[in-house]
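Colleague: Below you will find the structure I want to go over with you.
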Amino acid sequence: MSKTEERECVVLQNEGQKIFGILHRPHVPTPFPAVLMCHGLGGHKAGKYRLYVTLAEKLSAVGIASLRIDFRGSGDSEGNFGDMTLDGEAKDAEIALKYLRERSDINSQRVGIFGRSVGGTVALMAADRVGGLKSIAIWAPLFDGDQWMDQWRQLHRDDVSEEHRLENMRINGQVPGKDFFMQLFSLNMPQHLHHIENIPMLHIHGEKDNIVTISHADKYIIGRKKAKAENKFIRLPTSDHDFSHSKEQVLALDETVNWFSKTL
């Protein structure tokens, strides 16, 4: 089987901390289009079931480069998870997008972004901030923090012990800092969506998702109603937050590759 790509280690920096990534370079004439991948909260650049690796390989096969990074405080990158914030991860993504656009082998006018879960939210924030992106694809992104507001209030009652509070705030064994939650609860996604209304957007969400419920997808549909660019919303009827249903997992991957092939 012939190789369709080469992989390259990438080291970026934000606030003196190293961000580690893997760039997949397709075996096609340069300059080629590229996609930045943003993992979910407490995740890493490979993704559960190595989904991001598989997605990167599939993109390479159709001539699209991709950069998988670990946000600071996650995976191999420097920093502490407790210091992670939405703004901080969006800045990491901005730096990675700048890196892609400055490479001579990448077409700076054909750069897109992908994100899953909180990484989907971060991808939209970064797209708003940098401007000029060509395409967006997001899987099970958060729209706001409403789903967790009551739980936050319950955990911060005076009669709740610090031990119980921290134990119930763990995500993949780690505890986000207060600043992360404050930014989550003040997130203004309608404003971000308004600013990127000219960028085509693919949204995929599992209907059995009990981590980021399908209600978030409903809000994105409303938020993109006035978008000038194309929207595509896909609901996976038997998928959870991790897209663990094998057939629907393949569907999500193929739809995402087809989307970037069409819109980049």
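Colleague: Tally up the residues in region 87-116 that are under 23 Å from F233 (Cα atoms) and either open to solvent by 10 Å² or more (accessible area, probe 1.4 Å) or modelled with pLDDT under 95 (or both), please.
Modeller: Of the residues in region 87-116, 2 are under 23 Å from F233 (Cα atoms) and either open to solvent by 10 Å² or more (accessible area, probe 1.4 Å) or modelled with pLDDT under 95 (or both).
Colleague: Suppose we filter region 194-239 for residues that are in contact (Cβ under 8 Å) with a residue 40 or more places away in the chain, closer than 15 Å to F260 by Cα and either open to solvent by less than 10 Å² (accessible area, probe 1.4 Å) or aliphatic (A, V, I, L, M) (or both); how many remain?
Modeller: Selection size over region 194-239: 5.
Colleague: Would you check if K45 is in contact with a His (Cβ under 7 Å, 6 or more places away or on another chain) and either of a type in the set (S, T, Y) or open to solvent by 10 Å² or more (accessible area, probe 1.4 Å) (or both)? Walk me through it before giving the result.
Modeller: Details: in contact with a His (Cβ under 7 Å, 6 or more places away or on another chain): yes; either of a type in the set (S, T, Y) or open to solvent by 10 Å² or more (accessible area, probe 1.4 Å) (or both): yes.
Spelling it out, K45 is indeed in contact with a His (Cβ under 7 Å, 6 or more places away or on another chain) and either of a type in the set (S, T, Y) or open to solvent by 10 Å² or more (accessible area, probe 1.4 Å) (or both).
Colleague: Do any residues in region 50-66 that are under 11 Å from F260 (Cβ atoms) have Cβ atoms under 6 Å from those of residues that are hydroxyl-bearing (S, T, Y) and part of a helix (DSSP H, G or I), where the two are at least six apart or on different chains, and which pairs are they?
Modeller: Final answer for the pair search is V62/S261.
Colleague: Take H24 and tell me if it is in contact with a strand residue (DSSP E or B) (Cβ under 8 Å, 6 or more places away or on another chain), without any contact (Cβ under 8 Å) to a residue 60 or more places away in the chain and either surrounded by fewer than 17 Cβ atoms within 10 Å (Cβ to Cβ) or farther than 15 Å from L264 by Cα (or both).
Modeller: The answer is yes for H24.
Colleague: Something else: Which of (1) part of a loop (DSSP other than H, G, I, E, B); (2) touching a Leu at 6+ places or on another chain (Cβ under 8 Å) does K226 not meet, given it meets every other one?
Modeller: (2)
Colleague: Taking strands (runs of 3 or more DSSP E) that do not extend beyond region 1-106, which have at least 3 residues that are within 16 Å of the chain's Cα centre (by Cα) and at negative phi?
Modeller: Those strands (runs of 3 or more DSSP E) span 17-26, 32-38, 65-69.
The values are calculated or read from the model by the stated rules, or taken from the named source; none is laboratory data. Computed from a predicted model, the values in this text were never measured in an experiment. Heads up, the Cβs are rebuilt from the backbone with ideal geometry, glycines too, and the neighbour counts pull from every protein chain shown. Calculation scope for accessible area: heavy atoms of the full protein, side chains included, ligands and nucleic acids excluded. Shrake-Rupley method; radii C 1.70, N 1.55, O 1.52, S 1.80 Å.
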